[in-house]
Amino acid sequence: ITERALLVTRAPFQTDEELLITHDITEAERLNSTRTAFVANVSHELRTPLTVISGFLETLADTPNLPPEQTRQFIGMMQKESARMQTLLADLLTLSRLESGRSSEHTPVDLSALAQLLAEDGETLSAGKHTIRTDIASDLWINGIYTDLYNGLSNLVFNAVRYTPAGGIIEISLKALPADNLFMLLPLRFAVKDNGPGIAAEHIPRLTERFYRVDKGRSRQSGGTGLGLAIVKHALAEHDTALEISSEVGKGSEFAAVFRQIAPPAGI
Ligand code: ADP
């Protein structure tokens, strides 16, 4: 909506006069159209794999003498599509839990150990196709919700692996930033950098919108649900921080967030 939406109501005023009351409903209209678009997107995303599955099921039911080779192939494709639906539903649930704001309590989280684990997950997903470098300082802690941090930040690592062609370099780092106040614990910067295709500037402000993809075909091919960065945004907001994205087409991208550090808990 580019113009403001106004609702004008008439109310009887004095004997032969009327009062015109104007309500600015721009925000309500915007929320309404976002919700409608979201439902349409979810329906579309679920319908596509379902159409594929029911198509194969129909062929299997109608063709009793299908060669075993082809049967196996069809079953494999149906398994792939149902896995896609499961991932989408898991992401939708994570997102709705994060958006509802009903999260558990913040407790000390070893961000160094979490970053290390994410790097290992990246190695597993890459299966040797990329060089994964780490620059992770040890024993750095924040207050947070471990599972939400893990579910959020893992999307940055998975995206780097999925969008960077084989042979690319991915760097996962966690460092304390220089501070201007010596009495404070230094802020921590977590970053995932790749030398993949990069993202054109016009897309960057919209990347954390639900189901926004630069290249729909490619995202689908790589198993993306289109919800990854929306999950990251909400998980970071829950930790009072935001996603910083810098990218250059042909050079690569960096996704980062700065966290408030806490002292390591005693006895650990
Ligand atoms: P998806 O499931 O499609 O990956 P995301 O919300 O995680 O959804 O990301 C949104 C879009 O941002 C992706 O479709 C892709 O176009 C782009 N993107 C995300 N990470 C990267 C990256 N590291 N390099 C290039 N493009 C990326």
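The values are calculated or read from the model by the stated rules, or taken from the named source; none is laboratory data. Please read all numbers here as calculations on a predicted model, not as lab measurements. FYI the Cβ positions are ideal-geometry reconstructions off the backbone, even for glycines, and counts take in every protein chain you see. Keep in mind that these areas ignore ligands, DNA and RNA; they rest on the heavy atoms of the full protein, side chains included. Shrake-Rupley method; radii C 1.70, N 1.55, O 1.52, S 1.80 Å.
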Original post:
Can you tell me which residues in the stretch 90-132 are more than 28 Å from Glu45 (Cβ to Cβ) and open to solvent by less than 20 Å² (accessible area, probe 1.4 Å)?
Top reply: Val109, Leu111, Ser112, Leu114, Ala115, Ala119
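Can you pull out every residue in the stretch 118-141 that is part of a helix (DSSP H, G or I) and without any contact (Cβ under 8 Å) to a residue 24 or more places away in the chain?
Glu120, Glu123, Thr124
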Original post:
Do the conditions hold for Thr208, that is, is it of a type in the set (Val, Ile, Thr) and either closer than 23 Å to Ser100 by Cα or away from the ligand (no atom under 12 Å from the Cβ) (or both)?
Top reply: yes
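Does Arg30 satisfy the condition of being under 24 Å from the mean Cα position of the chain (by Cα), basic (Lys, Arg) and under 30 Å from Tyr150 (Cα atoms)?
No; evaluated as a whole, the condition is false for this residue.
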Subject >> Criterion (open to solvent by less than 70 Å² (accessible area, probe 1.4 Å) and more than 14 Å from the ligand (Cβ to nearest atom)) met by exactly one of Arg213, Arg189 >> reply: Arg189
Subject >> Positions within the stretch 12-33 being in contact with a strand residue (DSSP E or B) (Cβ under 8 Å, 6 or more places away or on another chain) and open to solvent by 100 Å² or more (accessible area, probe 1.4 Å), in sequence order >> reply: Pro12, Phe13, Glu18, Leu20
Original post:
Do the conditions hold for Gly224, that is, is it assigned to a loop (DSSP other than H, G, I, E, B), out of contact with any Ser or Thr (no Cβ under 7 Å at 6 or more places or on another chain) and open to solvent by less than 20 Å² (accessible area, probe 1.4 Å)?
Top reply: yes
Original post:
Considering only the stretch 240-268, how many residues are part of a loop (DSSP other than H, G, I, E, B) and either out of contact with any helix residue (DSSP H, G or I) (no Cβ under 7 Å at 6 or more places or on another chain) or within 9 Å of the ligand (Cβ to nearest atom) (or both)?
Top reply: 12
Original post:
Can you name the residue in the stretch 51-84 that is part of a helix (DSSP H, G or I) and farther than 28 Å from Gln221 by Cβ and is also most open to solvent (accessible area, probe 1.4 Å) among such residues?
Top reply: Asp62
Original post:
Checking Val161 against (1) within 13 Å of the ligand (Cβ to nearest atom); (2) touching a strand residue (DSSP E or B) at 6+ places or on another chain (Cβ under 6 Å); (3) part of a helix (DSSP H, G or I); (4) not hydroxyl-bearing (Ser, Thr, Tyr), which test does it fail?
Top reply: (2)
Subject >> Filter result for the condition that a residue is closer than 30 Å to Gly224 by Cβ, within 21 Å of the chain's Cα centre (by Cα), open to solvent by 60 Å² or more (accessible area, probe 1.4 Å) and at pLDDT below 95, over Thr48, Thr87 >> reply: Thr87
Original post:
Is there a residue in the stretch 142-153 that is part of a loop (DSSP other than H, G, I, E, B), at pLDDT 95 or above, within 12 Å of the ligand (Cβ to nearest atom) and open to solvent by less than 30 Å² (accessible area, probe 1.4 Å)?
Top reply: no
**OP:** Quickly run through the stretch 192-210 and pick out the residues that are open to solvent by 40 Å² or more (accessible area, probe 1.4 Å) and not in a loop (DSSP other than H, G, I, E, B).
**Re:** Lys193, Pro205, Arg206
Original post:
When the stretch 192-202 is examined, which residues are found to be within 21 Å of Ala242 (Cα to Cα) and more than 7 Å from the ligand (Cβ to nearest atom)?
Top reply: Val192, Lys193, Ala200, Ala201, Glu202
